[in-house]
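These notes concern the structure reproduced below.
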Number of protein chains: 2
Amino acid sequence: MRIGELAKATGIDVETLRYYERVGLVQRPARQANGYRAYGQDAIERANFIRHCRTLDMGLGDIKRLLDFTSKPDADCFDVNHLLDEHLVRVRAKLKSLRTLEKQLARLRTQCDAGHRAADCGILQDLVAAAHGEACACHPSDGNSSLSKRKARE
Amino acid sequence: MRIGELAKATGIDVETLRYYERVGLVQRPARQANGYRAYGQDAIERANFIRHCRTLDMGLGDIKRLLDFTSKPDADCFDVNHLLDEHLVRVRAKLKSLRTLEKQLARLRTQCDAGHRAADCGILQDLVAAAHGEACACHPSDGNSSLSKRKARE
DNA sequence: GCTTGACCCTGAAGTCGCTAGAGGGTTTAT
DNA sequence: ATAAACCCTCTAGCGACTTCAGGGTCAAGC
Ligand SMILES: [Zn+2]
Ligand SMILES: [Zn+2]
Ligand SMILES: [Zn+2]
Ligand SMILES: [Zn+2]
């Protein structure tokens with residue numbers, strides 16, 4: 001099987017497959033006499049595994065670790081659970097912040113409905129006022145910089 | 001005001017401020033005799049505006065456009081509304097996909113609770129089965145590659 | 001006077017997960 | 001024979017930073 005066929009079979013772009021090979025996610029396949037990559041059927045399995053994990057938004061490093069587990073049947077799967085737990089934490093944190101964000105943006109959007117002068121635009125006024133520190137949680141405005149420190153630790 | 005003070009006043013990292021200057025988001029400040037950047041009070045306003053918009057997850061290009069509006073009071077604010085609408089669409093799309101993702105991951109996590117052999121791990125088995133094409137929507141498994149084409153158009 | 005440490009400077013490279021381009025070679029169909 | 005469709009490598013670009021290397025500047029304490 002050539003790379004284009006593997007791409008069609010898995011829905012992964014040819015360039016992406018070559019990229020996965022470069023970073024070690026996909027093993028280097030044998031080559032034909034002309035230098036073309038020659039994949040076996042197992043490459044479809046592996047590529048589909050990667051694709052599925054990517055749709056679950058896992059990082060390539062995590063996917064590599066999971067792939068390694070599939071070839072070590074006697075290993076303890078604790079790390080698999082842990083990896084998934086951490087990923088869930090990340091996803092839930094992002095979900096939470098996106099929900100807040102959506103509310104903020106929806107409210108902001110109501111501040112202007114028709115076209116008028118920029119000076120009278122409720123949205124711009126709202127943004128400027130927030131930057132000024134009025135009723136806004138995003139910048140500390142007191143002396144401490146806990147927010148940036150927290151971000152740095154994440 | 002030196003860059004470290006501006007950083008502390010706004011909660012934006014020093015390196016990030018220099019990066020914003022490089023990409024034209026923050027105007028180049030005057031310099032002291034020793035080459036240090038010397039900011040005025042207005043720099044705090046502008047930097048806080050940027051920070052606030054970043055917590056609303058706007059791109060630097062959008063923020064620049066908004067900043068430009070704040071100095072053009074007579075412009076029509078239509079583009080401001082439009083920019084916000086597009087951003088809301090993006091945020092809501094991401095929110096929707098994250099909600100689906102969270103459900104999938106939460107279900108997957110239930111497949112294994114205690115440590116055992118990787119070969120018996122319900123999570124790994126689930127992932128392999130999904131990659132195999134069982135009850136999984138992420139890869140087409142039929143002949144067409146509509147999914148990848150759709151993605152390319154987006 | 002001299003070192004220590006906290007600042008500041010520039011420019012370049014690394015991060016992640018691709019994506020696109022340049023500049024070729026090979027195969028297949030007409 | 002020629003064109004389209006495929007394949008190859010190597011390189012650079014995206015966004016929004018972060019980090020590193022290799023310096024310069026300045027106040028305080030000994
Ligand atoms: Zn799948
Ligand atoms: Zn408006
Ligand atoms: Zn704010
Ligand atoms: Zn398990």
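Output the number of residues of the range A:30-49 satisfying the condition of being within 26 Å of B:Asp126 (Cα to Cα) and more than 10 Å from chain B (Cβ to nearest Cβ).
5
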- [ ] Kindly indicate whether any position in the range B:74-81 is at pLDDT below 95, more than 7 Å from chain A (Cβ to nearest Cβ) and surrounded by 13 or more Cβ atoms within 10 Å (Cβ to Cβ).
- [x] yes
- [ ] For residues that are over 30 Å from A:Ala114 (Cα atoms) and outside any helix (DSSP H, G or I), tally how many sit in the range B:68-123.
- [x] 9
TODO: Report whether or not A:Ile63 is part of a loop (DSSP other than H, G, I, E, B) and under 23 Å from the mean Cα position of the chain (by Cα).
DONE: no
Task: Subset of the range B:19-45 [within 25 Å of the chain's Cα centre (by Cα) and either touching a residue at least 24 places away in the same chain (Cβ under 8 Å) or within 14 Å of DNA strand D (Cβ to nearest atom) (or both)] - done: B:Tyr19, B:Tyr20, B:Glu21, B:Arg22, B:Val23, B:Gly24, B:Leu25, B:Val26, B:Ala43, B:Ile44
Task: Count - residues of the range B:19-44 that are assigned to a helix (DSSP H, G or I) and closer than 30 Å to B:Lys94 by Cα - done: 4
Task: Only one of B:Thr70, B:Thr16 that is within 24 Å of the chain's Cα centre (by Cα) and within 8 Å of another protein chain (Cβ to nearest Cβ) - done: B:Thr70
Task: Test: residue in the range A:83-94 that is over 24 Å from the mean Cα position of the chain (by Cα), exposed (fewer than 12 other Cβ atoms within 10 Å of the Cβ) and over 15 Å from B:Leu127 (Cβ atoms) - done: no
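Test A:Arg109 against the criterion of being over 30 Å from A:Gly59 (Cβ atoms), surrounded by 12 or more Cβ atoms within 10 Å (Cβ to Cβ) and at the interface with chain B (Cβ under 9 Å from one of its Cβ atoms), and give yes or no.
In short, yes.
The values are calculated or read from the model by the stated rules, or taken from the named source; none is laboratory data. Note that the structure is a prediction, hence the values are computed from the model and not measured. A quick note on method: Cβ atoms are made from the backbone with ideal geometry, for glycine too, and the neighbour counts reach across all protein chains shown.
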